[in-house]
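A quick write-up on the structure given underneath.
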Amino acid sequence: MTPPSPSTGTQSIDRAADLVGRVVRAEGPVTATALAEATGLARSTAQRLLGALERAELLARDEAGSWAPGALFDLYATRRADDEVLVEAAGPAMRELGELTGETVNLGVPRRGTVVQVAQVDASYFLGSRDWVGTDVPAHCSALGKVLYAYGALPVPTGRLEAPAAASVTSGARLAEQLPGIRRSGWAATVDELEPGLTGVAAPVRARGVVVAALGISGPTSRLSDQIPSTGALVASHAAALSARLENHPQEGAA
């Protein structure tokens, strides 16, 4: 038997993506027959692709057998809503922390095995950090990421790790050795680990007793290196205040 060509596999992906797009854009559940007619696919082909998409939780069938967006879309929507609640609740603590330190303040959440920064208060100094929201940063080089590793919000990596700077942690084993100390102190710090001259300090944010985010500041090592312990305590106190605010938030806190 001749194996399928790469173009055949790509064609299947395109057809499946088309089906998902039509279902997501529809105003309500769509029958398999309607999907087959709209896409020009044979009913057997459409059924096969729909079944694969159902197993991947991208699509789901209702009680009548029609197709609707699957559980992964519900999960994504829930997490986005949780992020909005978290960012809203974090505003006062982030602004106060920015006023007290003058440094860039960030809020990071665990997503897709790494830390994603979802909110920022800019530094008041002329020489301050960049806009980190949405930036892909290696979690093991970030104080926010180390906090999430330490409290089990992110799985600790194994093997060799990316080293963007000379001071970066280069192995999962070495990273794991740092985590008990972070839990004892209640905060994490990185000095020149992402790039030379940049220091970060972060602490855990909890909702219903579970660490769901990390609150931190970042700025030039020249300003922060001599006061890391006191800065860590300050950040931890604001993270604790945010955690208490989440417990009393009128909506459900981030989960």
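Quick one: what are the phi-derived ³J(HN,Hα) couplings along region 221-235, Karplus 6.51/-1.76/1.60 with θ = phi - 60°, whole Hz, x for glycine and proline?
Result, rounded to whole Hz: 4, 4, 8, 9, 5, 7, 9, 5, x, 5, 5, x, 5, 5, 5.
By how many nm would the segment from residue 173 to residue 192 grow when fully extended, if each residue of separation counts as 0.36 nm and the alpha-carbon distance is taken off?
This chain segment gains 4.9 nm when fully extended.
Using a Förster distance of 25 angstrom, determine the FRET efficiency expected from the C-beta separation of residue 25 and residue 112, and round it to 0.05.
0.50
Quote to one decimal, in nm, the extra length available between residue 222 and residue 244 on full extension: 0.36 nm per residue of separation minus the C-alpha distance between them.
Between residue 222 and residue 244, full extension yields 4.7 nm more.
What order do 192, 83 take when sorted by accessible area (1.4 Å probe), most exposed first?
192, 83
Looking only at 232, 172, 98, which one moves most when the chain is put into a Gaussian network model with springs between Cα atoms under 10 Å?
172
Using a Förster distance of 51 angstrom, determine the FRET efficiency expected from the C-beta separation of residue 185 and residue 72, and round it to 0.05.
Computed FRET efficiency for residue 185 and residue 72 comes out at 0.85.
Suppose every K and R has +1 on its Cβ and every D and E has -1 on its Cβ; what is the size of the dipole of the chain about the Cα centre, in Debye to the nearest 20?
Approximately 600 debye in magnitude.
Can you give the relative contact order of the chain as a percent, counting alpha carbon pairs under 8 Å and 6+ residues apart?
So the answer I get is 15 percent.
Using R₀ = 30 Å, calculate the FRET efficiency as 1/(1 + (r/R₀)^6) where r is the Cβ-Cβ separation of residue 39 and residue 87; round to 0.05.
That pair, residue 39 with residue 87, gives E of 0.15.
Of the listed values (1) 82, 46, 34; (2) 50, 43, 35; (3) 69, 48, 35, grab the one calculated as Cα extents along the principal axes in Å from the structure here.
Computing Cα extents along the principal axes in Å and matching it to (1) 82, 46, 34; (2) 50, 43, 35; (3) 69, 48, 35 gives (3).
With a cut-off of 8 Å between alpha carbons and a minimum separation of six or more residues, what is the relative contact order of region 134-255 in percent?
For region 134-255, the relative contact order is 23 percent.
Once you mark the GluC sites (Glu not before Pro) that are in a DSSP loop and have at most 10 other Cβ atoms within 10 Å, what is the longest gap between them in the chain?
Maximal segment without exposed cleavage sites: 64-255.
Once amide H atoms are built 1.01 Å from N in the peptide plane, which residues 5 or more positions from residue 142, or in another chain, come under 5 Å H to H?
When sequence neighbours closer than 5 places are left aside, there are no close amide H contacts.
Treating only the Cβ of Lys, Arg, Asp and Glu as charged (+1, +1, -1, -1), what charge dipole size does region 127-225 show about its Cα centre? Round to the nearest 20 debye.
Once rounded to the nearest 20, the dipole reads 420 debye.
The values are calculated or read from the model by the stated rules, or taken from the named source; none is laboratory data. Bear in mind the structure is a predicted one, so any value in this text is a computation, not a measurement. All Cβ positions, glycine included, derive from the backbone under ideal geometry; neighbour counts span all protein chains shown. We work out accessible area using only protein heavy atoms, side chains counted, and drop any ligands, DNA or RNA first. Shrake-Rupley method; radii C 1.70, N 1.55, O 1.52, S 1.80 Å.
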